[in-house]
Each structure stands twice: as C-alpha cells, then as structure tokens.
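Worksheet for the structure shown next.
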Amino acid sequence: MNTSALSGERKEGFFSWFFELTGKERRTFWSCKIGYALDAMDTQFLSFVIPTLIATWGLSKGDAGLIGTVTLLTSAAGGWIAGILSDRIGRVKTLQLTILWFAFFTVLCGFAQNFEQLLWARGLMGFGMGGEWTAGAILIGEVIRAKDRGKAVGMVQAGWAIGWGVSALLYALMFSLLPPEWAWRSLFLLGILPALFVIFIRRFVDEPEVFVALQKKASTEQRAPFTAIFSPKMLSITVRAVLLTTGAQGGYYAITTWLPTFLKTERHLTVLGTGGYLAMVIVGSYVGYIVSAFLTDYLGRKKNFILFATGSMCVALAYTRLPVTDNVMLFLGFPLGFCVSGVFSGMGAFLTELFPTEIRGSGQGFSYNMGRAVGSLFPLMIGLSSQSMALGEAIGVFAGTAYGVMILAALTLPETAGKKLESDLVGH
C-alpha cells in the first residue's frame, strides 16, 4: 500500500520522468551531467587564478584576456571536430576522448613556467572543453524519449553550474592550505579527476540505439558526408541554427565579460569582489537551468528561448540603466545567473531534433560552435566601442542585438518539442 502510494506520488511529481528512466538511460544521464560538471570545473579554474598570475608573473590584463579568447576559439573548433567524430566513431567514444583531452591539458597548465606555455596548454585544453559539450548533448538527446528530452538535456546542462561551484570551493580550499605560488598549480593539477571518470563511462555507458541502428545501415550504404549539413535541404536550418546559438552566446559573453568591469569602474560597487555575489550568480544559474529545462518541454523550444532571451535583455537593461546599490547588486546576481544560463537549457535538445541522425553530430557540433566562435567576438567589439561610447551603453547595445538575433532565429525555426528521432538518410 505504501509502495503504491509512493508510486502514485512519483507519477505526479515534478521529477516523475526521472523515475521512469531505464537503468541504461539513468547511467547515460549521470555520465553526461557529471562529465559536463567536470568540464566546467576545469574550465573555471583559470578565472580564479588570474589575479595570482598577474601578481606572480606580472601578467597583464591583455594577456589574461588573450588566454580566455584563445580558449573560446579552440573550444569552438573542438566542438566542431567532436561533432564530426561522433558521427564517425560514436557518441560515447568521442565523449571519452574529449574528457581525457581536457583533463590532460588542464594538468599541463599546472606545470606552465611562463605565459607562453600557459597559453598553449590552455588553448589545447579548449579543444576538449568544446568537444565534450557536443558529444554529451548528442548522447543524452538520443537516449532520452521525446517527451522528456528537454528536461533531461537541460538538467545535464545544469551540471555546468555545479562544476562552477565546485571550482570555487576547491579554489578556496587550495588557497587556504597552500601559498599562492603553489595553490594555483595544485588547482590545475586537480584537473586530472575527470580522467578517472572515463573508466565509468567506458564500462557502463552504451551507444544510443538510434545511432547503432544507423551504423548497421550505413555499413551497406554510403555515409552522409559532413557537407550534407550545407545541402539544399539542410542549409536553411543550419544557418538559422547558427544565428540562434550566436545570439545566445554573444549575449552571454557580452554580459558576463564586461558587467563586472562596468559595475566596478563606473558604478564603484564593492560587492562584486565577495563570495556572496558569486554564490548568488551560481545558484541563480543552476535554478535557471532547471526551470528552463522543464519549461522547454512544457512551453515548447521556441517559446522558452524567447522567454529567457527577453529576460536576459531585461537583466542587461537593469544592470546598465537603473541606479544600483551594493545590496541591490547582491540580489540581482540571482536573476543574472537565472536568465543568461536558462537560455541554454533547451539548446542541446533543440539542435538534436533539428538534424537527422546520420549528420546530427556534424550539424549540432557546427551550429553550436560556430555560434560560440562568433559570440566570442562580442566582448572585443564592446571593448572597441567603449572608446567612443559609455561602456554600459555598449553592453546594452550588443547584448540587446545578440538576444534580438536569437529571438528572430527562434521565430523562424520549426518547433521540435516531442519530435521522435529517426535515422532516415538525408535525401532518401
């Protein structure tokens, strides 16, 4: 009787879909979520050690910015390559390779003796960072049933906020136990942890059935080439998907890169240097991922994108136009993280559904990471524009433009919520 009642509660509960997953689906879910969290952990280490490198190496802000830009560009290339690889050697194998790659080069960052060595190590790490997102998003998108895909993929994306939080905790721990010149190196050396997780993936996670079926069919037929995403049938979808991801990532980089500088230098706020503000942003980010994950199935992909893009535009406006005090700024950290992160929850599921199985890796990898490459230029354009206009105004213009492009792209793309994945060959 109690068991029945419990079952009834689960069927009606907020997370009832999770209890309906098979063992294989749950293992895949956790492998992708933990993999994404570990990716975020290794990626975020740099932001915490930059002040130490500036003090110990005499690193300039320009040098630090160059490391960040190079990492974003290589991650875009890595995601593109991983997409192609996932269509050739499989989603799971590609996920394993990308995790090993970014773990190895994160550790290598800990042995860097100068700026040039760190730039090379971090740049090479970016290939794995971008590739892991692509492989993981495709894998979880193909394993989970259509009606729950948005929730599952969105909750996997939420792993980023967890990894970000873990990196902040490890930073606090290492810098409280060790002198700064050793603490920053030990932080990067902890980047070896994701490599151990590959053992679990190798043993317990299988390729999606839809991909296995396609591989058997493709063994007797010609495989679709990467260029199929630019075929007359797919070109319009590919271009609009790139515009969608460019808007999401351009807006994200515009806000998160320059807002702290604007608020510190022009608003003279001090709360930005506290752990409380960072905690607010991280918690808001995680909640935004989760809420958006459920809304993307409930409202549909397009409406959810438009909702969170509009919210992100409002956040940018509030930060740059309204009179803000330290207390208000502390609490605004939550909606900042909520909106700009929630934009991404439905992205993996949507791109998975836009492309057919035989070119899904190529299409999803290219679309998301071309958007990342173009979006990474927004901080540079804001910096250049701020020489002739106020920094706050520049942030508002570019963030507003980015999210406007995202909304227009979402309006023109087809709604895919609930779409069942098929393995029909392009053109057949």
Notebook entry, point to check: Counting only residues 5 or more places away or on other chains, whose amide H sits under 5 Å from the amide H of Thr416 once H atoms are built in the peptide plane?
Noted result: Arg301, Lys302
Check: Could you give me the ³J(HN,Hα) list for segment 136-147, computed from phi with Karplus coefficients 6.51, -1.76, 1.60 and θ = phi - 60°, whole Hz, x at Gly and Pro?
Finding: x, 5, 5, 4, 5, x, 7, 7, 7, 4, 4, 5
Next item on the list: Round to the nearest 10 and give me the degree value, 0 to 90, for the angle of helix 180-189's Cα axis relative to the longest principal axis of the chain.
Entry: 10 degrees
Notebook entry, point to check: Looking at the square roots a ≥ b ≥ c of the eigenvalues of the Cα gyration tensor of segment 99-188, which shape do they give, rounded for a/c under 1.5, prolate if a/b is larger than b/c, or oblate?
Noted result: oblate
Next item on the list: With springs connecting C-alpha atoms under 10 Å apart, model the chain as a Gaussian network and identify which of Trp184, Trp164, Trp17 has the largest mean-square fluctuation.
Entry: Trp17
Next item on the list: Could you run the Karplus curve 6.51 cos²θ - 1.76 cosθ + 1.60 with θ = phi - 60° over segment 68-76 and give me ³J(HN,Hα) per residue in whole Hz, x for Gly and Pro?
Entry: x, 5, 4, 4, 5, 5, 5, 5, 5
Check: Give or take rounding to whole Å, what are the principal axis extents of the alpha carbon atoms in the chain, in descending order?
Finding: 60, 58, 44
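Determine one quarter of the surface area of the Cα convex hull of segment 229-417, which equals its mean projected area, and express it in nm² to one decimal.
Values: hull surface 42.0 nm².
With the hull built on Cα positions only, its mean projection is 10.5 nm².
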Next item on the list: Working from Cα positions, state the angle (0 to 90°, nearest 10) between the long axis of helix 2-12 and the longest principal axis of the chain.
Entry: 70 degrees
Margin query: As I understand it, the dipole of segment 188-307 uses +1 on the Cβ of Lys and Arg and -1 on the Cβ of Asp and Glu, about the Cα centre. Which of Ala195, Thr246, Thr270 lies farthest toward its positive end?
Written below: Thr246
Notebook entry, point to check: Along segment 33-38, what does the Karplus equation 6.51 cos²θ - 1.76 cosθ + 1.60 (θ = phi - 60°) give for ³J(HN,Hα), rounded to whole Hz, x for Gly and Pro?
Noted result: 5, 5, x, 5, 5, 5
Item checked: Cα long-axis angle, helix 209-218 against the chain (0 to 90 degrees, to the nearest 10) -> 70 degrees
Checklist line | Over segment 289-375 - Rg/Rh using Cα atoms and the Kirkwood inverse-distance radius | finding: 1.08
Note to self: What are the extents of the Cα atoms of segment 23-204 along their three principal axes, in Å, largest first?
What the structure shows: 52, 31, 26
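Bear in mind that the values in this text are calculations on the coordinates, not laboratory data. Keep in mind that what you see is a predicted model, and the values were worked out from it rather than measured. Heads up, the Cβs are rebuilt from the backbone with ideal geometry, glycines too, and the neighbour counts pull from every protein chain shown.
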